[in-house]
Amino acid sequence: PDFEILEYVGDEKVLSEKGGYTEKDHTEGVSENTLSVYEELKRRVLSVNSDLIFNPTKYYISIKNVKNIAFIYLKKQRISLVVLRPENEIRKIITKCEVKSLVQSVQGFYNGPCADIIIGDIGGMDEVVELLRPLIESNE
């Protein structure tokens, strides 16, 4: 899809599609806890690399460096975070959140090895940021 110029929403940079979606489209109807977990995740990730873009689309919010590194699905009571790293690497780092395997066809949709991390509270946030760090710091 075509993208508009970066726009500033509050003090955060987001890339919006023409006719676009906003973070508000994804945060409506979620619990206060889910919203605070999302805001904490975003704050911590941006503290590692402030050039990252949180790109709201119709179905998810992608985290973009040079390319997409993760996909955020906000549910009413939790966050589903699909991280583009092999599942075995994810399981080595993530111990405080549930990790769900994704079938090969779904991994193909995301263009590479990945798994789904279910985040219900900020308890495992350090692990999540640690997992994302190599992708956040990479320029490839």
- Message: Going through the cross-link list LYS75/LYS100; LYS24/LYS96; LYS58/LYS92; LYS64/LYS96, which pairs have a Cα-Cα distance over 23 Å in this structure?
- Response: LYS24/LYS96; LYS58/LYS92; LYS64/LYS96
- Task: Using P(r) over Cα pairs in 10 Å bins from 0, in percent as the read-out, say which of [x] 12, 35, 31, 16, 5, 1; [y] 10, 29, 28, 20, 11, 3, 0; [z] 12, 44, 38, 7, 0 was calculated from these coordinates.
- Result: [z]
- Note on the structure: Taking a crude spin-label model, label points 7 Å out from Cα along the C-beta direction, the GLN104 to ARG91 distance in nm is 1.8
- Message: Given an 8 Å cut-off on Cα distances and at least 6 residues of separation, report the relative contact order of the chain as a percent.
- Response: 22
- Task: Find how much the distance from LEU35 to ASP121 grows on full extension, using 0.36 nm per residue of separation minus their present alpha carbon separation; answer in nm with one decimal.
- Result: 30.0 nm
- Please give the FRET efficiency for THR27 paired with GLU130, using the beta carbon to beta carbon distance and R0 = 25 Å, rounded to the nearest 0.05. 0.50
- Query: Tell me, what ³J(HN,Hα) does each residue in the stretch 108-122 have, in order and in whole Hz, if you take phi through Karplus 6.51 cos²θ - 1.76 cosθ + 1.60 with θ = phi - 60° and put x for Gly and Pro?
  - Reply: x, 4, 8, 6, x, x, 6, 8, 9, 10, 9, 10, x, 7, 7
- Message: Using the crude model of +1 on Lys and Arg Cβ and -1 on Asp and Glu Cβ, and no other charge, please compute the dipole size for the chain relative to its Cα centre, in debye to 20.
- Response: 380
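Every number in this text was worked out from the coordinates using simple rules, so none of it is lab data. This is a predicted model, so every value here is computed, not measured. For neighbour counting, all protein chains shown are included, and Cβ atoms are generated from backbone atoms with ideal geometry for every residue, glycine included.
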